[in-house]
1. Based solely on its DSSP helices, what 222 nm [θ] is calculated for the chain when runs of n ≥ 4 H residues each add -39,500 (n - 2.57) and the sum is averaged over all residues, nearest 500 deg cm²/dmol?
2. Residue-wise, which Karplus ³J(HN,Hα) couplings in Hz belong to the stretch 233-250, taking 6.51 cos²θ - 1.76 cosθ + 1.60, θ = phi - 60°, and x for glycine or proline?
3. Quick one: angle between helix 136-168 and the longest Cα principal axis of the chain, in degrees between 0 and 90, rounded to 10, please.
4. With axes computed from alpha carbons, what is the tilt in degrees of helix 64-130 against the longest principal axis of the chain, rounded to the nearest 10 within 0 to 90?
5. What nm distance separates the two modelled labels at Glu119 and Asn7, each placed 7 Å from Cα along Cα→Cβ?
6. Send over the Kirkwood Rh of the stretch 20-134, from the inverse of the averaged 1/r over different Cα pairs, rounded to one decimal Å.
7. State the Cα centre-to-centre distance between the stretch 332-371 and the stretch 102-143 in whole Å.
8. Across all directions of projection, what mean area in square nanometres is found for the Cα convex hull of the stretch 5-54?
Amino acid sequence: MYENQNNDISVEQPTALWGTTFFGGWRRGVGDYPLYEGKSQTAQSGEARIGVNVPLWRNRDIDRRRASLQQAEWGQLVAGHDYELALLEATRMASYRYWDWVLAGQRLRVASHLLQIAEQRDKGIRDRVAAGDIPDFEALDNRRAIIERQERVVAAQRLLEQTALQLSFYWRDADGQPQLPSAGQLPDRFPDPVSIKTLDAAEALQVSLNHRPEAKRLAVQAKQTQTELEFQQNQRAPAVDLSVMAANDIGHSKDKINRNELYVGLNIDIPLQQRAASGRAQVAAANVRRLKWDKQLQEERIAVEVKDVFSALSAVRKRLSLSAEQLNAAEQLADGEQTRFDLGESTLLFVNLREIAKGDAALQYAEATASLFRSYADYQAVLGVQEHYVD
């Protein structure tokens, strides 16, 4: 019977230097050993060892550990671009909700102004009816106009409250809680549309290709896949590793086994069949090609979006110009019809029609202005700019 005790501890540290791994350890073997296991016996305090393993072919330029580390770093960038994409969309929607809220405020102002005009006119009409200047139904028609415009004010007030609630989802306090904007915080009017400046289409396309998170994410994913392809191709090569190790016994032994040792070895592993490695390399190569086509498709999609947003901006600017002309004409007609009514040359029916047309023209101008700023929010999102326009 051979009674002995063996203890072994080892540590290793891989490095990025050609895949070199440094290692060290300590072992202790005491007791009785048969002659064929004599190397297991150490001095009383054990044996310390240190060494290095250097891959000369497979795993030299890249190995699983280094590939995984590199892919993990790329993965962090992918997650960052996903966050940028979500933030970009949230910014665009916040801009939409803000301009919807401002438009609702303008709608309420127009409705309130029309109601105020009808209410201010009511006493004068009743006085003229009492004097026999105009028939009774004119007073009734004005009363009907007041009720109709009151209904419009109620509807506009409801729309303002609804858009304020939708805006509160994006407008938050320091604690992250939604804030409900009040009517007192509404701007008096839209910012001057002339203040909106854009790049030319060619420059905008280049900015979009450089800044869009989707394009940057695909570029990083291509690097991830290329790293995997390089690793799988490397695994098809033979493994030729140079190992150097030095060992030294510590303390003394009655059997005088204290010794200093130096080991130099060359480990060679040549796989005869490489079906698994070849298959994984083919999969990685296919993914590289797929991402290449995805990148081209994404660039084409971005180009279409840039053209579309410039088309939208051009159309809405034309709408804005036409609605401004319409509003100017409607204001002149409303003022002229009111003058004719005061002179007894028109009826309240035509006055109401002119005022309603004026109000509708004002709303169309406000809607065109809101559409311009919403299109500008789309423009910034297409370019990958995480800002919104608020004057």
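FYI, it's all coordinate maths here, none of it is from the lab. What you are looking at is a predicted structure, and each value in this text was computed from that prediction instead of being measured. When we count neighbours, we look across all protein chains shown, and the Cβ atoms used for this are built from the backbone with ideal geometry, even at glycine.
1. Numbers: 6 runs with 237 residues, N = 391.
So the calculated ellipticity at 222 nm is -22500 deg cm²/dmol.
2. 5, 5, 6, 7, 7, x, 8, 10, 10, 9, 10, 10, 9, 10, 9, 8, 6, 10
3. Once rounded, the angle reads 10 degrees.
4. Once rounded, one gets 10 degrees.
5. The answer from the label model is 9.5 nm.
6. Values: mean 1/r = 0.0412 Å⁻¹.
It is 24.3 Å.
7. First find each Cα centre; the distance between them is then 12 Å.
8. Details: hull surface 15.9 nm².
Over all viewing directions, the stretch 5-54 projects a mean Cα-hull area of 4.0 nm².
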